[in-house]
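Structure first, commentary second.
The values are calculated or read from the model by the stated rules, or taken from the named source; none is laboratory data. Please read all numbers here as calculations on a predicted model, not as lab measurements. Glycine gets a Cβ as well: all are built from the backbone with ideal geometry, and neighbour counts include every protein chain shown.
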Amino acid sequence: MTFSWIDIGFGIGVLHVIGIMAAIHAVMTVRTSQGSIAWAVSLTTIPYFTLIPYLFLGRSTFLGYVEARRACNQLMRSQFGEIISTGPSPPLAANIHPEFRALTTLTNMPFVAGNHVKLLINGHATFNAIFEAIGRARDYVIIQFFIIRDDKIGHELQQHLLSCAAAGVKVYFLYDRIGSYDLPRRYCEILMAGGVIVREFSAARRGLFINRFQLNFRNHRKIVVIDGIEAFVGGHNVGNEYLGEKFPLAPWRDTHISVTGPAVIGIQHTFAEDWHWSTGTVPLLNQTSLSMDSEMHCQVVPSGPSDQLETSSLFFVSVINAARERVWLTSPYFCPDEAVFTALRLAVLRGVEVRILIPSCADHRMVYEATQSYAHEAVRSGIKIYRYRHGFLHQKVVLIDDTAAAIGSANLDNRSFRLNFELMILTVDKHFAAEVSHMLMNDFSNSEIIERESFLFIAGWRRMLMRIARMFAPIL
């Protein structure tokens, strides 16, 4: 079968017509103007490259999904309160730290005192602490990760959970269907055969029609909770690369935290909403946690595409605006929206030292090139940008002045701001902030600063690539 130039031209014309129709759909349905422009331009100019990605990443079912998720969360809250008796309210800290009061209203989560948070630097410290805590479980264990791999560390986790289940401990195991796309069915079958309750998180749920090709609305949270007493959150997933044992990105730089105290209840409540969405059932969890002999205040900040407001973006704006002396942030991806970028530039203008630490190597090329474009613009605005040189940087950490720090799963990009379910823990405690400061100072010592003039020495083709990548930043 042969094709003439007329046939080829007709095919290209049809693709462009479909691209224009898809672009109109994107303008009508995408939430942000940046995202609308990115999709509209790409769909009208190069539809042969972007039509299929739009099928997977487009937001055609966004409104229906949001309504269904909100209704599900409301139902879960009513059932959660009926099934598990609530204990005494923990001490609140919102009035003590009015600069963060908006976060309490935004998240509908209390800003609680009486917590203890411990830094877990890199993979071995993180998983050693998690496995030790699992070994102490007596009632239940919550496991939720974006990525779980069938490798050495994945097998270790599997064996610890099987041991727990064999001892009569209830184990809830939730993984993201897209993030863990290569997790073999056999891995989960072994867990279920051993008594572990296994579910996958998906955009589709119990008969609700959602585009089965939908890759947005991913659950990027990393949560482990032991008996409602101790929780673990941060940047690590379950895979050998997170131990720094997978080249070419090794060594792997990441940060997790362990949390004890009343904040644990908010963390596991976040998990309960995800579990209820995925299963239609409410997990049987403790609703009380002992207040520690500590003055540390914690604000749990869950965020996701079904929120009434854009919680993740507003979280970063809020904490940046609260800074008076310094804002230090680390993220593997730096593609901020206009609100966050404006907050960073305003912080510089009022005399705040703004440092941002990003990787010097790429795990996703397009995002990396977009990050470099934003980084050079940030430098011209007076923001200090550092590239981490000792392996791949994956941690998500914020330090505000000498008093507050936040650690969790949210990156500085549109996917974390609007498309993924994320979780950050804000702590207000001078001693913990000092520990975070010391950790980041060590990271900065293993980094190089981007000079203001360095953009001038980048090859022209590379500058063009960076600009093209930045055009697609809202949809990466």
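Look at ALA137 and say whether it is in the same structural domain as VAL233 (by TED's automatic domain parsing), buried (at least 18 other Cβ atoms within 10 Å of the Cβ), at pLDDT 95 or above and on the phi < 0 side of the Ramachandran plot. Considered against the rule, which asks whether it is in the same structural domain as VAL233 (by TED's automatic domain parsing), buried (at least 18 other Cβ atoms within 10 Å of the Cβ), at pLDDT 95 or above and on the phi < 0 side of the Ramachandran plot, ALA137 comes out as yes.
Are any of the residues in region 179-192 over 17 Å from ASN237 (Cα atoms) and of a type in the set (S, T, N, Q)? No: zero hits.
Of THR281, THR255, all but one fail to be within 16 Å of the chain's Cα centre (by Cα) and assigned by TED's automatic domain parsing to the domain that holds PHE201; the exception is THR255. Hey, any hits in region 298-315 for a residue that's over 17 Å from the mean Cα position of the chain (by Cα), closer than 29 Å to LEU440 by Cβ, outside the structural domain of GLY244 (by TED's automatic domain parsing) and buried (at least 22 other Cβ atoms within 10 Å of the Cβ)? Looking for residues that are over 17 Å from the mean Cα position of the chain (by Cα), closer than 29 Å to LEU440 by Cβ, outside the structural domain of GLY244 (by TED's automatic domain parsing) and buried (at least 22 other Cβ atoms within 10 Å of the Cβ), one finds at least one in region 298-315, hence yes.
Here is the figure for region 103-130: residues that are more than 23 Å from PHE421 (Cβ to Cβ), in a helix (DSSP H, G or I) and in contact with an Asp or Glu (Cβ under 7 Å, 6 or more places away or on another chain) total 1.
ALA375 falls short on exactly one of the conditions (1) buried (at least 16 other Cβ atoms within 10 Å of the Cβ); (2) under 20 Å from the mean Cα position of the chain (by Cα); (3) of a type in the set (Gly, Ala, Ser), and that condition is (2). When HIS276, HIS256, HIS297 are checked against the criterion of being outside any loop (DSSP other than H, G, I, E, B), touching a Gly at 6+ places or on another chain (Cβ under 6 Å) and modelled with pLDDT of 85 or more, HIS256 stands alone in meeting it. Being charged (D, E, K, R), touching a helix residue (DSSP H, G or I) at 6+ places or on another chain (Cβ under 8 Å) and outside any helix (DSSP H, G or I) is a description that does not apply to ASP182. With respect to the stated conditions, PHE213 fails to be aromatic (Phe, Trp, Tyr), within 22 Å of VAL282 (Cβ to Cβ), modelled with pLDDT under 95 and assigned to a loop (DSSP other than H, G, I, E, B).
Within the option set LYS246, LYS222, LYS170, being modelled with pLDDT of 95 or more, within 19 Å of PHE127 (Cβ to Cβ) and of a type in the set (Lys, Arg) holds for one residue only, LYS222. Evaluated against (1) small (Gly, Ala, Ser); (2) without any contact (Cβ under 8 Å) to a residue 24 or more places away in the chain; (3) surrounded by 15 or more Cβ atoms within 10 Å (Cβ to Cβ), GLY351 falls short on exactly one condition, (3).
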